[in-house]
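Structure first, then comments.
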Amino acid sequence: MQTGRRIWIILAASAIAAVILSFVLIKNTDTGGDHTPELIGEISYPSLFYHYTGFDDDPEGTMKLIWKKTSVRLEGETAELKLRARIFPITLDDKTVTYSSSDESIATVDEYGNITALKPGNVKITATLVKSGHTETAELEVIRPVTGVVMKNSSMTINVSDSLHHMEADIYPEDATNKDVTWTSADTDVATVDENGTLRPMGVGMTEVTATTADGGFTAKCFVTVVNKVIDVDSITIQNKGSAKLGVGESMNMIVTVSPSNAKNKTVTWSSSDENVATISKTGRLKAVAEGKTTITVKSSNGKTDTMELTVDKASSESALNLYGKVTSDQEIPTDILGNTYIANGSSTSTATGGTTYTSYDITLSEIVDIQMGLSPAPKIWRGGGSVSATRAETLEYMDPSSYYTGAYKYQFLDLSHTNGVSAESLNSFLEGKGILEGMGQAFVDAANASGVSEVYLVAHACLETGNGTSTLANGVSVNGTTVYNMFGIGAYDDSALYSGSQRAYSEGWTSPEAAIKGGAEWISQWYINAESSRQNTLYKMLWNPETPGQHQYATDISWAVKQAINIEKIFAVFPEAVLSYDIPVYQGETAITIE
């Protein structure tokens, strides 16, 4: 019997042979969440009473969903499940519920709560009780199961003296939700493989490297043979002999090609037959001292040589490198593998020639790591969910060119001062659907040719900085009544990206998307890729700046270049016609790596 908000309840309990009846008065004290009743009076035995769900709910009606979060696997093209709502109070006259999906491309829902999953992703299903307007939301994850895995290489042969190789596996289908794999090596005395697929040769022999998918347990194998073979240098060639005339006080970089490309030790030494006429550093930087003639010689570690006859005249603005342009005293002129020269004003004769340049540095790897460890802030690494100070061993690993140079990692040594021979039409095909960048292929080609920068790199950089052409900064910001654009995030500082980035665009006069692409390319060329003071024409050099270590470094994260290389590789994979050139650092006493 219910009187007002009081209930009389009769409890029956038994104790041994006797039956005791007790009357208890319970007062409903629920005020919105606390369902613990207050007892008034006496009871013979302690009893626990629960507030009935919905007992005091809104008389207009509330509801609860049978699940708040669940998942469904797309075994075929679609999958189906149902979401039901419990209505309170049960005596509500109108129990009509409507359903909606936050993303109908992932999953749809009909008027009865029947859900059809269409593609992988996360979606929210909202139920609304029409009478009261009360809503509840459930989260659904649509999973595309893995159906298989294939190794990119079913077999490979590596040298025992190599450092690291990156193993790669393709997961199918491409839109599979969980693409995690575990890596194992059947014989760790031959080669080990870590959780990232990084393979390290340990000894001569053969082992089986297996990739196993976390979803489904599918496997793929690669048979790895480790050999002990040393490939010697056959020949060595000075590429820029055409610039064999300098004025007193002028300088240039010497470029050399070592053959074959897979020779194990590409270290070279330079010398001048008359250092009173011209000197040359261990890294191949040539400087004219006095009028006269001298012979410049380069020598490989196994005795192969090439020479160049150099003539030094009186200092003249027109005498040095007259084939390529004016050079000022003590200015180091960056050149590519064929001797093409990048002038300080940004013009370039760079062409998509391909090839590898080996740049020697007059410092040991250990010494340059010591410089990094003494910097403030110190080198960082992402560990344990956050950025922490890197150890010396970790910094050495990422600075050593032989640690990460296979597969996608080789792109950290990609020479970004070369165009790649990719057409505007091909770029436009890639840029289709990428917001403000769509149709800008010719602008990127023109900017690349004018500034001596890879057109594919410019596209990759712009896509990254603009969120594939969707950012506000890329689509135009009004500054003092003028709409300006910034395609590369130049000057867009983290704490004020929109303001600082638009102010930089305004000061530079980037009043159209084309102007922003051209001007941004010039800035990248001037300050990094073709900088006069220290040419940082690869991701590796942007991070470590081996020519002037400890200065003008792009990031403190020691893995930045490797991470960016993986992203760059994905872009270049779209352009199989792209011609690639590499610039490999060689530290004193180290063996040069081979890019394949």
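What are the residues in the stretch 87-103 that are touching a Leu at 6+ places or on another chain (Cβ under 8 Å) and either more than 14 Å from ALA127 (Cα to Cα) or in a strand (DSSP E or B) (or both), if any? I'd like the intermediate steps shown before the answer.
Pass one, the stretch 87-103, residues touching a Leu at 6+ places or on another chain (Cβ under 8 Å): 87, 95-97, 99.
Passing the criteria: ILE87, VAL97, TYR99.
Could you check the stretch 147-204 and list, in sequence order, the residues that are among the acidic types (Asp, Glu) and without any contact (Cβ under 8 Å) to a residue 24 or more places away in the chain? Before the answer, list the steps.
Taking the stretch 147-204 and keeping what is among the acidic types (Asp, Glu), we get 162, 168, 170, 174-175, 180, 187, 189, 194-195.
Answer for the stretch 147-204, where residues must be among the acidic types (Asp, Glu) and without any contact (Cβ under 8 Å) to a residue 24 or more places away in the chain: ASP170, GLU174, ASP187, ASP189, ASP194, GLU195.
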* To do: For the stretch 180-187, indicate whether the set of residues that are crowded, with 17+ Cβ neighbours inside 10 Å, modelled with pLDDT of 90 or more, outside any strand (DSSP E or B) and within 25 Å of the chain's Cα centre (by Cα) is non-empty.
  => no
* **Residue check, ALA390 touching a helix residue (DSSP H, G or I) at 6+ places or on another chain (Cβ under 6 Å), among the small types (Gly, Ala, Ser) and open to solvent by less than 30 Å² (accessible area, probe 1.4 Å)** => no
* To do: Please find, within the stretch 455-500, the residue that is farthest from PHE575 (Cα to Cα) out of those that are over 18 Å from the mean Cα position of the chain (by Cα), small (Gly, Ala, Ser) and not in a helix (DSSP H, G or I).
  => GLY481
* Structure fact -> Among GLN536, GLN526, the single one that is in a helix (DSSP H, G or I), under 22 Å from TRP560 (Cβ atoms), among the polar types (S, T, N, Q) and in contact (Cβ under 8 Å) with a residue 12 or more places away in the chain is GLN526
* Which of the residues belonging to the stretch 132-145 are crowded, with 18+ Cβ neighbours inside 10 Å and in a loop (DSSP other than H, G, I, E, B)? -> HIS134, ARG144
* Asked: So VAL445 clears everything in (1) touching a residue at least 40 places away in the same chain (Cβ under 8 Å); (2) open to solvent by less than 50 Å² (accessible area, probe 1.4 Å) except one condition, right? Which one?
  -> (1)
* Could you check SER478 against (1) within 18 Å of LEU498 (Cβ to Cβ); (2) surrounded by 16 or more Cβ atoms within 10 Å (Cβ to Cβ) and say which number it fails? => (2)
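Could you list all residues from the stretch 553-580 that are of a type outside the set (Val, Ile, Thr), within 30 Å of GLU367 (Cβ to Cβ) and either assigned to a loop (DSSP other than H, G, I, E, B) or in contact with a Leu (Cβ under 9 Å, 6 or more places away or on another chain) (or both)? Show your work before the answer.
So in the stretch 553-580, the residues of a type outside the set (Val, Ile, Thr) come out as 553-555, 557, 559-561, 563-565, 567, 569-570, 572-573, 575-578, 580.
Then keep just the ones that are within 30 Å of GLU367 (Cβ to Cβ); that gives 553-555, 557, 559-561, 563-565.
Answer for the stretch 553-580, where residues must be of a type outside the set (Val, Ile, Thr), within 30 Å of GLU367 (Cβ to Cβ) and either assigned to a loop (DSSP other than H, G, I, E, B) or in contact with a Leu (Cβ under 9 Å, 6 or more places away or on another chain) (or both): GLN553, TYR554, ALA555, ASP557, SER559, TRP560, ALA561, GLN564, ALA565.
Going residue by residue through the stretch 101-123, is there one that turns out to be under 30 Å from THR210 (Cα atoms) and open to solvent by 40 Å² or more (accessible area, probe 1.4 Å)?
Residues of the stretch 101-123 under 30 Å from THR210 (Cα atoms): 119-121.
Next, from what is left, pick out any that are open to solvent by 40 Å² or more (accessible area, probe 1.4 Å): 119.
Checked against the condition, which is being under 30 Å from THR210 (Cα atoms) and open to solvent by 40 Å² or more (accessible area, probe 1.4 Å), the stretch 101-123 yields at least one hit.
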* **From the options GLU514, GLU577, GLU532, GLU569, residue that is surrounded by fewer than 21 Cβ atoms within 10 Å (Cβ to Cβ), among the charged types (D, E, K, R) and more than 27 Å from SER429 (Cβ to Cβ)** => GLU532
* Among (1) at pLDDT below 85; (2) part of a strand (DSSP E or B); (3) surrounded by fewer than 17 Cβ atoms within 10 Å (Cβ to Cβ), which single condition is LYS229 missing? -> (2)
* To do: May I ask you to list the residues in the stretch 146-179 that are open to solvent by 50 Å² or more (accessible area, probe 1.4 Å) and closer than 30 Å to GLU77 by Cβ?
  => THR147, VAL150, LYS152, GLU168, ASP170, TYR172, GLU174, ASP175, THR177, ASN178, LYS179
* Asked: Limited to the stretch 354-376, what total is found for residues that are loosely packed, with under 15 Cβ neighbours inside 10 Å and assigned to a loop (DSSP other than H, G, I, E, B)?
  -> 5
* Can you name the residue in the stretch 539-552 that is free of Cβ contacts under 8 Å to residues at least 40 places away in the same chain, of a type outside the set (Ser, Thr, Tyr) and outside any helix (DSSP H, G or I) and, of all such residues, is surrounded by the fewest Cβ atoms within 10 Å (Cβ to Cβ)? -> GLN551
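Search the stretch 73-86 for residues being farther than 30 Å from GLY148 by Cβ and assigned to a loop (DSSP other than H, G, I, E, B), and hand back the single one that is farthest from the chain's Cα centre (by Cα).
Taking the stretch 73-86 and keeping what is farther than 30 Å from GLY148 by Cβ, we get 82-86.
From what's left, assigned to a loop (DSSP other than H, G, I, E, B): 83-84.
On the way: LEU83: 39, ARG84: 42 Å.
Selected residue: ARG84.
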* Asked: Among the residues of the stretch 273-293 satisfying the criterion of being under 14 Å from ILE238 (Cα atoms) and surrounded by fewer than 20 Cβ atoms within 10 Å (Cβ to Cβ), which is farthest from the chain's Cα centre (by Cα)?
  -> ARG285
* **Given (1) out of contact with any Phe, Trp or Tyr (no Cβ under 9 Å at 6 or more places or on another chain); (2) of a type in the set (Asp, Glu); (3) closer than 17 Å to GLY217 by Cα, number of the condition GLU195 does not satisfy** => (1)
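Evaluate the following for SER22: is it at pLDDT below 85, on the phi < 0 side of the Ramachandran plot and hydroxyl-bearing (Ser, Thr, Tyr)?
On the way: at pLDDT below 85: yes; on the phi < 0 side of the Ramachandran plot: yes; hydroxyl-bearing (Ser, Thr, Tyr): yes.
When the stated conditions are applied, SER22 passes them.
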* So, of the residues in the stretch 410-427 that are open to solvent by 20 Å² or more (accessible area, probe 1.4 Å) and modelled with pLDDT of 90 or more, which turns out to be farthest from ILE566 (Cα to Cα)? -> GLU425
* Do we have GLU438 as out of contact with any Asp or Glu (no Cβ under 9 Å at 6 or more places or on another chain) and more than 16 Å from GLN564 (Cα to Cα) here? -> no
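Going by the conditions given, is THR70 in a strand (DSSP E or B), modelled with pLDDT of 90 or more, in contact with a Ser or Thr (Cβ under 9 Å, 6 or more places away or on another chain) and not hydrophobic (A, V, I, L, M, F, W, C)?
Numbers: in a strand (DSSP E or B): yes; modelled with pLDDT of 90 or more: yes; in contact with a Ser or Thr (Cβ under 9 Å, 6 or more places away or on another chain): no; not hydrophobic (A, V, I, L, M, F, W, C): yes.
It is false that THR70 is in a strand (DSSP E or B), modelled with pLDDT of 90 or more, in contact with a Ser or Thr (Cβ under 9 Å, 6 or more places away or on another chain) and not hydrophobic (A, V, I, L, M, F, W, C).
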* To do: List every residue pair whose Cβ atoms lie under 7 Å apart, where the two residues are 6 or more positions apart in sequence or sit on different chains, the first residue falls within the stretch 224-239 and is hydroxyl-bearing (Ser, Thr, Tyr), and the second residue, located anywhere, is open to solvent by 60 Å² or more (accessible area, probe 1.4 Å) and part of a loop (DSSP other than H, G, I, E, B).
  => SER235/LYS304
* To do: Of all residues in the stretch 300-337, count the ones that are at pLDDT 90 or above, surrounded by 15 or more Cβ atoms within 10 Å (Cβ to Cβ) and either assigned to a strand (DSSP E or B) or aliphatic (A, V, I, L, M) (or both).
  => 6
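Considering each of GLU577, GLU569, GLU532 in turn, give the residue that is farther than 18 Å from TYR358 by Cα and touching an Asp or Glu at 6+ places or on another chain (Cβ under 8 Å). Let's see the steps before the verdict.
On the way: GLU577 fails: touching an Asp or Glu at 6+ places or on another chain (Cβ under 8 Å); GLU569 fails: touching an Asp or Glu at 6+ places or on another chain (Cβ under 8 Å).
Criteria check complete, one pass: GLU532.
The values are calculated or read from the model by the stated rules, or taken from the named source; none is laboratory data. Given the structure is predicted, the values throughout are model-derived calculations rather than measurements. Every residue, glycine among them, receives a Cβ derived from its backbone with ideal geometry; neighbour counts consider all protein chains shown. Just so you know, the surface numbers come from the protein's heavy atoms only, side chains and all, with ligands and any DNA or RNA stripped out. Shrake-Rupley method; radii C 1.70, N 1.55, O 1.52, S 1.80 Å.
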